[in-house]
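The values are calculated or read from the model by the stated rules, or taken from the named source; none is laboratory data. Note that the structure is predicted; figures quoted are calculated from it, not measured. Note that we place each Cβ from the backbone using ideal geometry, even for glycine, and neighbour counts take in every protein chain shown.
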Amino acid sequence: MSLRDKLLALAIVIAWGMNFVVIKVGLQGMPPLLLAGLRFAFVVFPAIFFVKRPHLPLKWLVIYGLTINFGQFALLFWAIKIGLSVGLASLILQAQAFITVVLGALLLKERIRLHNIVAIMVAAMGIYLLASSQSQSTGSITWFTLVLILGAATSWALGNLTNKIIMSKHQVPTMSLVVWSAIVPTFAFAISSLLFEGTPVIFEAIVHIEWHNIWALFYLSFIATIVGYGGWSYLLSRYETNLVAPLSLLVPVFGLLSAWLLLGETLNTHQIIGVIIIAIGLVFNIFGGRWLKNKRLISEANT
């Protein structure tokens with residue numbers, strides 16, 4: 001990977017890591033469903049006039065938009081709005097990697113390997129430790145917020161499977177899929193916001209919108225989504241997936257770091273241990289198969 005592309009990859013994972021802090025800032029004075037809806041509205045417009053519609057059946061565009069966009073971010077924004085620490089949100093959301101493996105086996109009949117099972121068990125212990133630890137710090141988590149963030153991770157995982165089906169059958173450009181699928185959550189969030197947050201709350205938030213809300217919307221729609229996904233798609237088109245994909249492990253690192261530096265979020269000892277255990281599970285899920293294979297080859301060579 002060239003130096004320029006390494007810097008691009010680093011910039012993307014930093015932007016995605018800080019994304020959670022930006023969500024927290026954007027939610028100050030604005031209800032979560034409205035904020036999420038405006039985020040995707042600005043992804044659609046004006047990009048839709050410059051990006052060609054992907055050639056795939058409408059049902060896949062709708063399923064993708066409802067899972068990876070609407071379901072994931074409705075639950076993520078809700079969890080952060082009611083108090084989940086953004087640092088922990090950035091980490092636990094990565095459970096989508098494990099959930100994708102399990103759902104892939106159940107829905108697509110994909111094989112679960114030994115290192116996947118070990119990684120899932122390790123990460124599950126870390127998540128339980130996080131949820132069961134009682135803390136008065138700003139890094140607190142409850143069972144309800146845990147359910148919400150795991151629900152968001154599950155929606156992301158379903159979106160991953162949908163994306164896999166789409167790409168295997170239709171080979172559409174990633175940016176085309178991102179922009180046009182954003183139409184679905186834009187309308188879904190608009191309807192949900194009207195039903196659950198109400199017209200008076202929406203009107204009050206828009207009339208009294210502040211600069212930090214505007215900046216958050218710009219960051220979420222343009223930097224995190226259009227630039228982030230566009231750059232990631234560029235990297236995936238130039239390099240092997242196993243070289244690019246593991247870089248996403250840096251997202252929760254920068255998520256936790258930015259939450260500490262910018263919001264002053266802290267973790268107690270039990271939560272720090274839980275974070276480390278989950279991180280070990282994530283790393284083993286990515287590299288475990290290669291390590292076990294190399295170990296087996298060395299063992300066979302010695303015998």
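Here is how the numbers come out for the structure above:
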quantity	calculated
Test: residue in the stretch 182-204 that is in contact with a Phe, Trp or Tyr (Cβ under 8 Å, 6 or more places away or on another chain) and closer than 30 Å to Tyr128 by Cβ	no
Among the candidates Ile23, Ile63, Ile48, residue that is surrounded by fewer than 24 Cβ atoms within 10 Å (Cβ to Cβ), modelled with pLDDT of 90 or more and within 17 Å of Ala152 (Cα to Cα)	Ile63
Ile209 within 17 Å of Ile23 (Cβ to Cβ), touching a residue at least 40 places away in the same chain (Cβ under 8 Å) and among the β-branched types (Val, Ile, Thr)	yes
Residues that are surrounded by 19 or more Cβ atoms within 10 Å (Cβ to Cβ) and modelled with pLDDT under 85, drawn from the stretch 218-243	Trp232, Leu235
Filter result (out of contact with any His (no Cβ under 8 Å at 6 or more places or on another chain), of a type outside the set (Gly, Ala, Ser) and farther than 18 Å from Leu261 by Cα) within the stretch 7-36	Leu7, Leu8, Leu10, Ile12, Leu27, Met30, Pro31, Pro32, Leu33, Leu34, Leu35
Within the stretch 162-215, tally of residues that are under 30 Å from Leu236 (Cα atoms) and hydroxyl-bearing (Ser, Thr, Tyr)	6
Residue list for the stretch 80-109, filter: farther than 18 Å from Leu148 by Cβ and crowded, with 16+ Cβ neighbours inside 10 Å	Ala97, Thr100, Val101, Val102, Leu103, Gly104
Test set (1) touching a residue at least 40 places away in the same chain (Cβ under 8 Å); (2) assigned to a helix (DSSP H, G or I); (3) surrounded by 15 or more Cβ atoms within 10 Å (Cβ to Cβ) - Lys164 fails condition number	(3)
